[in-house]
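A quick write-up on the structure given underneath.
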Amino acid sequence: MTTILTITLNPTVDFATTAPHVLPGPKLRCSEAEFDPGGGGINVARAVRMLGGEATTLIAIGGPTGAQLLELLAFEGGSTVAIQGPGETRRSVSVIDESNGKQYRFVLPGPVWDEQDVERALVAVDRAASAGSLVVLSGSQPPGVAKDFPSILASHVDGRNARLVVDTSGPALKHLAETPREAVYLLRMNVEEAEDLAGRQLPAVADTTAFARELVSGGVAQLIVVARGTDGSVLVGGDEAWHAVPPEVEVVSAVGAGDSFVGGFALWAARGEPVEECLRTGVAAAAAAVTSEATRLCDKILTEELRSETKLTKV
Ligand SMILES: Nc1ncnc2c1ncn2[C@@H]1O[C@H](COP(=O)(O)OP(=O)(O)O)[C@@H](O)[C@H]1O
Ligand SMILES: [Mg+2]
């Protein structure tokens, strides 16, 4: 089977705690913190494992927080390739106000990268990506990494005869869409990100599909996926287009739903399943993630149930 390699240049150690009330001013006495590894690629790898597959995660780390991150990942049991990043690994803090259940999330930027740091990361990708593997880039870019990083990564991955999946946003997404390279296998975004790129609203499935077709015919990626919230996701590839819609689920926390989609899709793609079945699995995994608490991603049994109830239509 194809191997899955996820890349996280700006991972975090997330620490979660609670306080009786969150107020400015007084010291807030918090509960004992729980620590979790975080960052797009780490979450995608975790989703793959939850669904019964294997993924290696490549991370850039630094300092004591980086060492703590490695320890937490070792405890989770997946395989990790760590490279030296430019500074101390960042932390994120989330605090739940016990009086009303509201969660406050504080996210730090992480260390600033320079060109040598990027070069080291690309060398590590060249080593870790074997022919035929599926390489996943998910999450925001660290400060200092140029917006053309996904394009450069795409040519490295292509050089290894591997396939690149990209789920990013902001300037990196814009650059990738405006500077097409055939080397990207799948580019995924949500409808807000797609509308931002398109410069127009994409309310109906037909609008979303038309835009995704423009990207595919412009050579941006072989496959484009656009997520439409509760209305599932649209996939365009070659001259095919599909729309997969999950059953209605109870919304608990949407945190990690995008990464669960990518994990589900990547696992089915690694198993050589047809793209529409990869789409169906991604949509079901995202819906499963929505129904579970923030730090839990996609339960395997729930994903399988939702998968069988997900409606797939050719558009
Ligand atoms: N209520 C819902 N039911 C089912 N799927 C949902 C629901 N809300 C969001 N999703 C799916 O979850 C995923 C969220 O991805 P995205 O918008 O990239 O979020 P993020 O990057 O914050 O994880 C999408 O695939 C979307 O269709
Ligand atoms: Mg997203």
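Each reported figure results from applying straightforward, stated rules to the coordinates on display, with no laboratory input. These figures come from a predicted structure and were not determined experimentally. Cβ atoms come from the backbone with ideal geometry, glycine included; neighbour counts cover every protein chain shown.
What to note about this one:
- Among residues of the stretch 159-195, those that are within 14 Å of ligand 2 (Cβ to nearest atom), crowded, with 16+ Cβ neighbours inside 10 Å and not polar (S, T, N, Q), counted: 13
- Residue match in the stretch 255-268 (condition: of a type in the set (S, T, N, Q) and crowded, with 21+ Cβ neighbours inside 10 Å): yes
- Look at (1) surrounded by fewer than 17 Cβ atoms within 10 Å (Cβ to Cβ); (2) touching a Lys or Arg at 6+ places or on another chain (Cβ under 6 Å) and you find that residue 119 fails only one, number (2).
- Residue 74 surrounded by fewer than 24 Cβ atoms within 10 Å (Cβ to Cβ) and among the hydrophobic types (A, V, I, L, M, F, W, C): yes
- Criterion: more than 16 Å from the chain's Cα centre (by Cα), surrounded by 18 or more Cβ atoms within 10 Å (Cβ to Cβ) and part of a loop (DSSP other than H, G, I, E, B) - qualifying residue of 125, 145: 145
- Residue 127 vs. criteria closer than 16 Å to residue 80 by Cβ and of a type in the set (D, E, K, R): yes
- Tabulated pairs, the stretch 179-201, first polar (S, T, N, Q), second within 14 Å of ligand 2 (Cβ to nearest atom) and assigned to a helix (DSSP H, G or I), C-beta under 9 angstrom, 6+ apart or interchain: 190/229; 190/258; 201/195
- Being loosely packed, with under 15 Cβ neighbours inside 10 Å and within 24 Å of residue 151 (Cβ to Cβ) is a property that does not hold for residue 272.
- Selection count where residues are under 10 Å from residue 252 (Cα atoms) and within 16 Å of ligand 2 (Cβ to nearest atom), scope the stretch 289-307: 3
- Pairs where the first residue, in the stretch 208-219, is among the small types (Gly, Ala, Ser) and the second is in a helix (DSSP H, G or I), C-beta under 9 Å, 6+ apart: 212/194; 218/177
- Subset of the stretch 246-259 [in contact with a helix residue (DSSP H, G or I) (Cβ under 6 Å, 6 or more places away or on another chain) and of a type in the set (A, V, I, L, M)]: 249, 251, 254, 257
- Scan of the stretch 1-28 for residues that are among the charged types (D, E, K, R) and in contact with a strand residue (DSSP E or B) (Cβ under 7 Å, 6 or more places away or on another chain), ordered by number: 14
Conditions tested, residue by residue: (1) small (Gly, Ala, Ser); (2) within 15 Å of ligand 1 (Cβ to nearest atom); (3) out of contact with any helix residue (DSSP H, G or I) (no Cβ under 8 Å at 6 or more places or on another chain).
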{"residue": "186", "(1), (2), (3)": "no, yes, no"}
{"residue": "197", "(1), (2), (3)": "no, yes, no"}
{"residue": "216", "(1), (2), (3)": "no, no, yes"}
{"residue": "219", "(1), (2), (3)": "yes, no, yes"}
{"residue": "232", "(1), (2), (3)": "yes, yes, no"}
{"residue": "241", "(1), (2), (3)": "yes, no, no"}
{"residue": "261", "(1), (2), (3)": "no, yes, no"}
{"residue": "271", "(1), (2), (3)": "no, no, yes"}
{"residue": "274", "(1), (2), (3)": "no, no, yes"}
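- Members of the stretch 86-108 found to be in contact with a Gly (Cβ under 8 Å, 6 or more places away or on another chain) and acidic (Asp, Glu), listed by number: 88
- Scanning the stretch 197-230 for residues that are within 30 Å of residue 249 (Cα to Cα), within 21 Å of the chain's Cα centre (by Cα) and small (Gly, Ala, Ser) returns 212, 227, 229.
- Residue 234 vs. criteria within 16 Å of ligand 2 (Cβ to nearest atom), in contact (Cβ under 8 Å) with a residue 60 or more places away in the chain and of a type in the set (A, V, I, L, M, F, W, C): yes
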